[in-house]
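Okay, structure first, notes after.
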Amino acid sequence: MSTGTDFGATASAGAARAGGVTPWTSVRRTVGLVLFGWAGAAVTAAAGYLYPDLIAVPISVGVVLCLAFLVLLSVLHRAVWLSVLSPVPALFVLVGAVQYAPEAVLEARGERVDVVIVADSAAGTSGDNHRYTLRGTDGTELKEKLAYNGDAGAPKVGDRLAVIRDPDGEVPMERADEVDAAGRLNGLIAGTAVWTLMAALAGRRGHVRRRRGLESSLDQLW
């Protein structure tokens, strides 16, 4: 006849085969990683709200949290292939969280202005950090510069375009065709959803690997 002692011994043996980790422990760790991913996205977005004019701050926060999620995912999974894939949704999370707040501000209270580029700070140099001087249709030169980093697709002097500027000066101006707060939010949500699925898969597969006694040696990481 089965006894409580027998049941306890069986559970202990099962935990030992699983590397000392019970299914409930694996579930808690998985939920913890999911919550960490959600919190990371929320904290990065909050940094974007708090420092809309200092984009380096939310980017730095987001990069650190994304890397931390990648490491924790690898530890939970006891393999690296999910971690190799995780930068793809991480990019959606990072871009969405960093850019949603300032673009939402521009959409809410920004002013659309048709301008022509009259000068480029990078002209005649080897640099690719452009700071454009703009002139409105009324002939008035805007005090604020339009920033563009990189050469691919960079506007040229003489180009006409539309920009959205913050009358309060708290958020840098952007090209009107690049302001899409809803799209940034959708990207943030999609990236976080994929992170959630990855965490669930990592938790399940990680527990199976522990139960089979597979350790994180180099020949078993995949």
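The values are calculated or read from the model by the stated rules, or taken from the named source; none is laboratory data. These numbers were taken from a predicted model, which means no experiment stands behind them. Here Cβ is always computed from backbone atoms with ideal geometry, including for glycine, and neighbour counts include all displayed protein chains. Protein only, heavy atoms only, side chains kept; ligands, DNA and RNA dropped before computing areas. Shrake-Rupley method; radii C 1.70, N 1.55, O 1.52, S 1.80 Å.
Peptide packing: for 36-48, 155-167, the average count of neighbouring Cβ atoms within 10 Å per residue gives the ranking 36-48, 155-167, highest mean first. Accessible surface comparison of Y51, Y148, probe 1.4 Å, protein chains only, largest first: the order is Y51, Y148. The distance from the alpha carbon centre of the range 107-176 to that of the range 20-83 is 35 Å, rounded to a whole number.
The convex hull drawn around the Cα atoms of the range 14-103, when projected onto a plane and averaged over every direction, covers 6.0 nm². Which net charge results for the neighbourhood of G158, defined as the other residues with beta-carbon distances under 13 angstrom from its beta-carbon, given Lys and Arg at +1 and Asp and Glu at -1? After counting each charged neighbour, the total is +1. Under 12 Å from the Cβ of A122, count the other residues' Cβ atoms, weight Lys and Arg +1, Asp and Glu -1, and hand me the total. With Lys, Arg at +1 and Asp, Glu at -1, the neighbours total 0. Residue by residue, the range 190-197 carries 3J(HN,Hα) couplings of 5, x, 5, 5, 5, 4, 4, 5 Hz when phi is fed to the Karplus relation 6.51 cos²θ - 1.76 cosθ + 1.60 (θ = phi - 60°); x denotes Gly or Pro. Each Lys or Arg adds one and each Asp or Glu subtracts one; over the other residues with Cβ under 11 Å from the Cβ of T137, this totals 0.
For the peptides 65-74, 91-100, the ranking by packing is 91-100, 65-74, with the highest mean count of neighbouring Cβ atoms within 10 Å listed first.
Projected label points at W24 and R160, each 7 Å from Cα along the beta carbon direction, are separated by 7.1 nanometres. The share of Cα pairs per 10 Å bin across the range 76-201, counted from zero up to the longest distance, runs 12, 32, 27, 17, 9, 2, 0 percent. Computed 3J(HN,Hα) for the range 142-155, one whole-Hz value per residue from the Karplus formula 6.51 cos²θ - 1.76 cosθ + 1.60 where θ = phi - 60°, is 6, 5, 7, 9, 8, 8, 8, 10, x, 9, 5, x, 5, x, glycine and proline marked x.
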